[in-house]
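Novice: Dropping the structure in here first, questions after.
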């Protein structure tokens, strides 16, 4: 299994080793951070993920250079064996950050008792004992976490789009409401400008040019409001046509049901 290492700079104080997995289909916008002092652990996880149809981007760092801010931007953080009993501090730091990444901790046999205490102290962390079949369990749990993260991201995007559409709809309704008042004001401006320009010779040249500018800008605004009125009329016509098609389809469906189930 070929796994290529490349160095990537995350910050001046932190240098991470990124695992660029060769082969497999990358999970779109899915990224995993592995925090471990055991390079064999990271290699095992990366090699096992290669057997999957979809492979995320994996970045490796150690507990010596790790910072909690490094987790931001990742969909999943996997914590493996670390030195000097740093695991509790790492999990606490992850819980305290603003990252939305899920966290999985793979404990060793020697850490089994502590792992239960850590699971109780950090309910946001999924703890997987490092026993027979642990790598398969890890891949399954990690895959589910990434799918959940992707679904959450899609839902958030859809919510933002819906909010933006609602904002535009509110603005459109407001424009429809104020359109008569704007048209009346523009008519008054154009009328007064026309009256002033009828006696243009008696007006100072500078003032005359300013009046012409006011007249021209008022005409442009009037054209914009006319186009807006035309668009509103087209939208109303489209809504009526759509409603008519819906009613027609409903009538056809009802007629079909009536033929299939005639009244006795």
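Novice: Can you spot a residue in segment 235-257 that is modelled with pLDDT under 85 and touching a helix residue (DSSP H, G or I) at 6+ places or on another chain (Cβ under 8 Å)?
Specialist: No: zero hits.
Novice: On to the next question. Residues 187, 137: which one is at pLDDT 85 or above and in contact with a helix residue (DSSP H, G or I) (Cβ under 9 Å, 6 or more places away or on another chain)?
Specialist: Details: 137 fails: in contact with a helix residue (DSSP H, G or I) (Cβ under 9 Å, 6 or more places away or on another chain).
Only one candidate passes the filter, namely 187.
Novice: Has segment 116-135 got at least one residue that is closer than 19 Å to residue 55 by Cβ, within 25 Å of the chain's Cα centre (by Cα), surrounded by fewer than 19 Cβ atoms within 10 Å (Cβ to Cβ) and in contact (Cβ under 8 Å) with a residue 24 or more places away in the chain?
Specialist: The answer is no, given that none of the residues of segment 116-135 is closer than 19 Å to residue 55 by Cβ, within 25 Å of the chain's Cα centre (by Cα), surrounded by fewer than 19 Cβ atoms within 10 Å (Cβ to Cβ) and in contact (Cβ under 8 Å) with a residue 24 or more places away in the chain.
Novice: Go through segment 1-79 and tell me which strands (runs of 3 or more DSSP E), entirely inside it, have 3 or more residues that are modelled with pLDDT of 80 or more and assigned by TED's automatic domain parsing to the domain that holds residue 124.
Specialist: 25-35, 54-61, 76-79
Novice: Oh, and also: Which residue, of 186, 198, 138, 146, is surrounded by 10 or more Cβ atoms within 10 Å (Cβ to Cβ) and assigned by TED's automatic domain parsing to the domain that holds residue 230?
Specialist: That would be 186, the only listed residue that is surrounded by 10 or more Cβ atoms within 10 Å (Cβ to Cβ) and assigned by TED's automatic domain parsing to the domain that holds residue 230.
The values are calculated or read from the model by the stated rules, or taken from the named source; none is laboratory data. All values derive from a computational prediction rather than experimental measurement. With ideal geometry, Cβ positions are generated from the backbone for all residues, glycine too; neighbour counts draw on all protein chains shown.
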